[in-house]
Amino acid sequence: MSGAPQRLILRNTLLLVGAQVIATPLSVAVNAVAARVLGPSDFGQLYIATTFCSLAFLVVEWGQPIALTGMVARDRPRAGTLLGASLTLRACMLPLVLLVLIIGCGLAGYDRRFLVILAWVLLGSAFGTVAGACQDIMRGYERSDFAAGGIVAAQALSVLIVVPTLLIIGGLQSFLIAQAACAAIGALVLILCLPAMGVPRLSVNRADMRALWSAGTSFLVFNLILALQPSVDAVFLSKLASPEAIGWQAVARRLTGLLVFPASALTAALYPTLSRLYSEDRAAFRSTAAGALRTTPAVAVPIALGCALFPHIGIDLFGTQAYGAADANLRILAVFVLLLYLTMPLSSTLLAAGRQRAWAAAQFGCVALSAALDPVLIPWFQARNGNGGLGVCISTVAGELLMLAVGLYLLPRDIFERSHWRSYASVVCAGVAMTAVALALPWLTPYAAAPLALTAYLVCLWFTGGLDKTQIGLLASVVRRKPPAPAL
């Protein structure tokens, strides 16, 4: 990456990552308290309900998160009417989709208690989709400062409301009510922030509704297929694994979700800029995409290795006695974390270049793969290890491998350069050094060994040339908000 687009993406990414550095401990605290108070069985039920709800709200949103961001990035004066159109479309879709989901779960044999859990999760998600639309506008404006503030505020609110509710009242229903209240407050605050960012007053017209519906359709297909895999996994897991195994898998996915946030932040900052550059400056588009693909592995490798080598650091927060078996899930999912870091910038690049259909077809292959592997692997691991979630972890890794292979095939050939391979070789050497240090220090606690292993990674990366001095200077200039010195 070079020039103004790079500085903008790096600035927005740094803001989002910085916000997550503050928000992550708060999110971990909320989830850890919930897991300890609720126990593996209820925590697993919450995981299943949340997964189903996420799939349902993809239909409610009809592909708008990506379409809305791209349309606002290209035409900001229409932001107010586009947001109004988006919220109107979601309000029209919401009752029908929720009714179908609840009836479907009832017909599938889920008990009344699970349906009550699902209803509360759906209520919180209804407020969440309003907040999400506001975040889409902020990303379209390439103003991650507002988005970053929202991330921190939302997690702080959860700590202030959800944690005391769990500790004083306890119980899953109290937790769900508190979460829904936090979502409602968060949506209201984000709506009030829009005028300060310069978003015009909300209005609705049919032309914008038709434009959003049409633009969102292709993204809807992609997003639905993308969400089908975790939903397929959740269905098979709920039917073929023990309640405790579902809870272990829920904790593992919560932890990996936190680990992949830097990649999510990069993707959120990358897509609107790439979308604009693809229509305005193809050379800058290629350079920006190439830079993201070159630098992402340097972040991915230490995070994935930390997940594999030191899983108990995360599990200790949720309670080793109840969730200790999740360490095996995390070790397998470490490979998934690494692959996801590689496929997320690929996804942004391909979507910005208008290759949604091919990318959606690749994701559908992952769904088919999970549907074929889950019924075999889950009962096998449940019978052999008492942890059917391990089967889901393996099918997840297999699916992400497929996505990486297809993404590289679809990527325009002029984006990859020789510098990519030199950078990747340096990252591999640094990863080997990190692993060697971690394995050489078995007598130390993970809390002492992990920083030493990470230090070895960074030192090796520096000496092998994996830390580009130009990129470091650019990062420093982004933090100072000054233009970088020209490269010699």
### Message
Could you go through region 358-373 and let me know if any residue there is in a helix (DSSP H, G or I), out of contact with any Gly (no Cβ under 8 Å at 6 or more places or on another chain), open to solvent by 50 Å² or more (accessible area, probe 1.4 Å) and at pLDDT 85 or above.
### Response
yes
### Query
Condition test on Gly109, is it in contact (Cβ under 8 Å) with a residue 12 or more places away in the chain and either within 30 Å of Ser231 (Cβ to Cβ) or surrounded by 20 or more Cβ atoms within 10 Å (Cβ to Cβ) (or both)?
no
### Summary
Requiring at least 3 residues that are hydroxyl-bearing (Ser, Thr, Tyr) and closer than 19 Å to Leu346 by Cα, the helices (runs of 4 or more DSSP H) wholly within region 232-335 are 261-280, 282-309
### Query
Can you tell me which residues in region 396-441 are closer than 18 Å to Cys307 by Cβ and over 24 Å from the mean Cα position of the chain (by Cα)?
Val428, Ala430, Val432, Ala433, Met434, Thr435, Ala436, Val437, Ala438, Leu439, Leu441
### Message
Exactly one condition in (1) surrounded by 23 or more Cβ atoms within 10 Å (Cβ to Cβ); (2) at pLDDT 85 or above; (3) not aromatic (Phe, Trp, Tyr) is false for Gly104; which is it?
### Response
(1)
### Query
For Thr217, all conditions in the list (1) part of a helix (DSSP H, G or I); (2) touching a helix residue (DSSP H, G or I) at 6+ places or on another chain (Cβ under 7 Å) hold save one; what is the number of the exception?
(2)
### Task
Taking Met1 as meeting all but one of (1) hydrophobic (A, V, I, L, M, F, W, C); (2) under 30 Å from Glu280 (Cβ atoms); (3) in a helix (DSSP H, G or I); (4) modelled with pLDDT under 75, write down the number of the exception.
(3)
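The values are calculated or read from the model by the stated rules, or taken from the named source; none is laboratory data. Just so it is clear, the model here is predicted, and its values are computed rather than measured. For neighbour counting, all protein chains shown are included, and Cβ atoms are generated from backbone atoms with ideal geometry for every residue, glycine included. With ligands, DNA and RNA removed, areas are computed over all heavy atoms of the protein, side chains included. Shrake-Rupley method; radii C 1.70, N 1.55, O 1.52, S 1.80 Å.
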